[in-house]
Amino acid sequence: MKYAVIKKEYLNKWLEHLKKSARLYAPQKKENLFVFRPVKDVEKVCLKYIPTILPPKKYYFPQKEKLLKFSASPFKTAKAIGEFEEFILFGVHTCDIAGIQCMDVIFRETPEDPYYLNRKDKMTAIGIECLEYCDKYASCTAVGNHEPRGGYDIMMVDIGGAFILHINSKKGERLLKGLNYIKKASDDDMMALERVRENKKKIFNNEFTAPIQEVYRAFGKSFDSEVWQDVGKRCIACGNCTMVCPTCYCFDIFDETDLSFNDGIRYRIWNSCQMDDFAKVAGGEDFRKGRDARQRHRYYRKFRYSQDKFNRYFCTGCGRCSRTCMAGIRLIETVNSILEGRDD
Ligand code: SF4
Ligand code: SF4
C-alpha cells in the first residue's frame, strides 16, 4: 500500500501508538512560538504551526555532542561514544524535510560522518504538507519545497476530515502495520488529494522576482555587489541566522579534560560562519574579516556554491533566518536586491 488514509478522529490514537514505538518528537506551542519537543501529551501536538524556533536538526545533529572519551596515561585508544535510540519526528514541514536531505548530502560525503549516520539510521520522519503559507518570511516555493520531494518515511496531507498518508519507506510501512483504523486510500481520497494540490497552485507563488535559476546566475555576477555592504553594516554578527538554519552544518571540535588533565571527552558543537573568528587561521589571517564578507558567504553557501557542488540549493525557504534576525535582514529582500542589480 503506497497511499493510506487516517480519519482525523484517530490521529491521537495513532500518536499514542507512535509514542509507544519510539521516542516521539513533534511541534508544540511555546508561548507564541513553536518548538519540536518530546511528546508527553498527544493533545499538545500542533500540526498548524509556523516553523519551529530550531529545526528538528537538533535531534539528528545535536548542538553539542560527545564524540569520544580519551585517556593520556596509560594511553588508551580513544573510545567512541555512540548510543543512539530510535526516534520519530512527527509533523515535519516539507521545507524541514528538505533540510534533512541537505544534511544527508553533507554527512554522507566521503569521509562519511558515522555519528550523523548512526543517529539518522534510528530516525523515522513523518512529514506534513503545508496547504497555506506559514507567514511572510517563507520562500519555499522559490526552491520547490512547498511540495514534498522525498526524504521522508511518511507524508501526511490534510484532505478535510482525514489525512492521506504517502508511505515512502519500509520504516514508514512498519509504523502503520496492523493498525485497523488506517485504511488503504480509495479513489475518492486520491481525487481529494489532487484537488488539494490543485488549490495550492493558487496560493503558493515564487517569492523571488525571478526563477531560482536566475538567482543562481545573478549570484555569479554579484560578488562585489553593494548589497553585501548594506547587509554587512546592519548585521550584528550574532550568528542566530545560522543556528536556526536547517542546512547549516558547520561545527567545532574541542577537548575537555578533568582536573587531572589525564582523562577527557571530545565534543562537537555547532559553529557559525557569522562569528568574528570563524575564518581566522594560524598567523592571525582572517579570510572573511568583515560582516559583509561573512553575510555574502552565507548567501553564497545557499544559492551558488551548494548548487555547483551538489546540484542542490541549500536554502529550504523555511524563513527562520529572517524571522530571527534582530537587525531586520530578510532573505527574500536580499535575494531580490541581488536580482535587481543583475545586468542582463
Ligand atoms: S541573525 Fe541577522 S544580525 Fe545575526 S548574524 Fe544573522 S544576519 Fe547578522
Ligand atoms: S537560509 Fe534562511 S530560509 Fe534558507 S534554509 Fe536557512 S534559515 Fe531557512
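Rule-based calculations on the coordinates, nothing more; no lab input. The shown structure was predicted, so the numbers you read here are calculated from the model rather than taken from an experiment. Here the Cβ positions follow ideal geometry from the backbone for every residue, glycine too, while neighbour counts run over all protein chains shown.
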Throw me the Rg/Rh for the chain, computed over C-alpha atoms with Kirkwood Rh, two decimals. 1.00
Could you name the lysines in cross-link range of K233, using Cα to Cα under 20 Å and dropping any fewer than eight places away on the same chain? K289
Taking the range 269-313, which trypsin sites (Lys or Arg not before Pro) meet the DSSP loop condition and have no more than 15 other C-beta atoms within 10 Å? K289, R312
Taking the alpha-carbon centre of each part, the distance from the range 235-305 to the range 101-178 in Å is 27
If you filter the range 14-119 for GluC sites (Glu not before Pro), then keep DSSP loop positions with at most 16 other Cβ within 10 Å, what is left? E31, E83, E85, E86, E109, E112
Would you mind ranking L117, L15, L67 by Cβ crowding within 10 Å, fewest neighbours first? L117, L67, L15
Apply the Karplus curve 6.51 cos²θ - 1.76 cosθ + 1.60, θ = phi - 60°, to the phi angles in the range 45-50 and return the couplings in whole Hz, x for Gly and Pro. 5, 10, 9, 10, 8, 7
Net dipole in debye of the chain [+1 Lys, Arg Cβ; -1 Asp, Glu Cβ; about Cα centre; nearest 20]: 640
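Place a +1 charge on the Cβ of each Lys and Arg in the range 90-244 and a -1 charge on the Cβ of each Asp and Glu, then give the dipole magnitude about the Cα centre in debye, rounded to the nearest 20.
Details: 21 positive and 23 negative charges, 61 e Å.
Once rounded to the nearest 20, the dipole reads 300 debye.
Which of the residue pairs K13/K136; K48/K136; K58/K200; K7/K201 have a Cα-Cα distance greater than 23 Å in the structure shown?
Flagged as over cut-off: K13/K136; K58/K200; K7/K201.
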When only DSSP loop residues count, what trypsin sites (Lys or Arg not before Pro) in the range 162-261 have their Cβ near at most 11 other Cβ atoms within 10 Å? K177
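What's the longest uninterrupted piece of the chain once you rule out the chymotrypsin sites (Phe, Trp or Tyr not before Pro) that are loop residues per DSSP with at most 16 other Cβ within 10 Å? Kindly include the intermediate steps, with their values, before the conclusion.
Working: sites that count: F75, F84, Y181, F223, F261, F287.
The longest uninterrupted stretch comes out as 85-180.
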Table column - 3J(HN,Hα) (Hz), the range 243-255, Karplus curve with 6.51, -1.76, 1.60, x for Gly and Pro: 4, 8, 7, x, 10, 7, 10, 5, 9, 10, 10, 9, 9
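Tally Lys/Arg at +1 and Asp/Glu at -1 over every other residue whose Cβ is under 15 Å from the Cβ of F287; what's the total?
Its environment carries a net charge of +3.
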Approximate shape of the range 58-162 as ellipsoid semi-axes (Cα gyration tensor, √5λ), whole Å, largest first: 36, 15, 11
With the cut-off at 24 Å, report for the range 236-339 the share of all Cα pairs above it, as a whole percent. 33
